[in-house]
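> Structure below; questions to follow.
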Amino acid sequence: MNKKALIVEDDINIAELIQLYLERDGFEVCLAYDGGKAVSLFREFSPDIVLLDLMLPVMDGLQVCREIRKDSSVPIIMLTAKGETTDKITGLETGADDYMTKPFEVKELLARIHAVMRRSEPEETVKEKKLCFDKLVVNLDSYELLVNGVRVDTPPKEMELLYHLAASPNIVFTRNQLLDEVWGFDYFGDSRTVDVHIKRLREKLEGVSDKWSLKTVWGVGYKFEVVK
C-alpha cells in the first residue's frame, strides 16, 4: 500500500513540483493551497506525512501544525522562505519534525522525508542495535566495531554515524541530515564535521570487503552501499 503525503503550499508551481517527485517515489499525494483547507484535508486524507509551508492564507503553517498536533503525531516537515534560527526553533517547538528553507533541492527533501518517516515508525519490541555485514559487525549496544573479527577502537560519534548509515543501506543522507540525526538538532557545528568522521571511518574500513563500502554521493552526501 502506497504511503500518503499531504502537501500544504500556496505556491502552485512548488506544490506541483514536489507532487511530481513524490508520486515518482510511490506516494499518493493530496494538495492544499491554504491552511484552512489543509486541516480539513488532513482529517479526510489521513496522510503518513505532511509537508507544510509556513506562510499560508486563511491559517498560517504554525496554526495548522498546532491543529494537527491536537490529535495526531504524524511526521511534519515545514517548508518556508524564512531561514532565521528563531523561525526554525518556533516550528520545531510547535511540533514539526524537520524544517527546510526555500529554495531547496527536491532530492534532499525526499531524503529528509524518508528519514523522518523511519524515525516515526513504532518499534514493536526493543531491537538489538547490532548490524552484521561481510567481515564487519557494528554493535551500538556495546559500542564495539569488529573488523575481520578484531575489535577496532572507535570514538562514540564515529560508531553512531556508521550505525546510522549502515542501518539504512543504499540510502543517501545529506550532511545536514546526519548532523541533525546523529549529532542532534541542537548541534550548531560545521557540516565538515561529518566529512572528518567519514574520513576516519574510511581509514578503518577501506578495502575490508567488496560487498559494502562507505560511498560519497557528490553534491548530496553519503551512503553505506551494499552490493546486491
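Any read-out appearing in this document is the output of simple, stated calculations on the displayed coordinates, not a laboratory observation. In this text, all values refer to a predicted model and were calculated from it rather than measured experimentally. We place every Cβ from the backbone using ideal geometry, glycine too, and count neighbours over all the protein chains shown.
> Calculate, in nm to one decimal, what Lys70 and Val220 gain on full extension: separation in residues at 0.36 nm each, minus their alpha carbon distance.
Details: separation 150, 0.36 × 150 = 54.00 nm, distance 3.53 nm.
Full-extension gain reported as 50.5 nm.
> Still on this structure: When you have a sec, figure out the Kirkwood radius of the chain from all distinct Cα pair distances and drop it here in Å to one decimal?
On the way: mean 1/r = 0.0526 Å⁻¹.
It is 19.0 Å.
> May I ask which of Lys135/Lys199; Lys107/Lys135; Lys70/Lys223; Lys88/Lys130; Lys70/Lys129; Lys4/Lys157 have a Cα-Cα span longer than 25 Å here?
Numbers: Lys135/Lys199 20 Å; Lys107/Lys135 32 Å; Lys70/Lys223 36 Å; Lys88/Lys130 34 Å; Lys70/Lys129 33 Å; Lys4/Lys157 34 Å.
Pairs exceeding 25 Å: Lys107/Lys135; Lys70/Lys223; Lys88/Lys130; Lys70/Lys129; Lys4/Lys157.
> By the scheme Lys and Arg +1, Asp and Glu -1, what is the net charge of all other residues having a beta-carbon under 13 Å from that of Gly149? Could you put the intermediate results ahead of the total?
On the way: positive: Lys135, Arg151; negative: Asp134, Glu144.
Residues close to Gly149 contribute a combined charge of 0.
> With a point put 7 Å past each Cα toward its Cβ, work out how far Arg43 is from Thr101 in nm, to one decimal.
Placing both labels 7 Å beyond Cα along the Cβ direction yields 3.6 nm.
> Any idea how far apart Asp10 and Asp210 come out in nm if each label point goes 7 Å out from Cα toward Cβ?
5.8
> Magnitude of the Cβ-charge dipole of the chain, K/R +1 and D/E -1, about the Cα centre, nearest 20 debye?
Values: 31 positive and 40 negative charges, 150 e Å.
The dipole of the chain has a size of about 720 debye.
> Okay, helix-only estimate at 222 nm for the chain: each DSSP H run of n ≥ 4 adds -39500 (n - 2.57), divide by all residues, round to 500 deg cm²/dmol; what do you get?
Numbers: 8 runs with 87 residues, N = 228.
Calculated mean residue ellipticity at 222 nm is -11500 deg cm²/dmol.
> Mind jotting down the distance between the C-alpha centroids of region 1-30 and region 129-171, whole Å?
35
> Still on this structure, please answer the following. Along the Cα→Cβ direction, 7 angstrom out, place labels at Met55 and Glu144. What is the inter-label distance in nm?
With each label point 7 Å from Cα toward Cβ, the separation is 5.5 nm.
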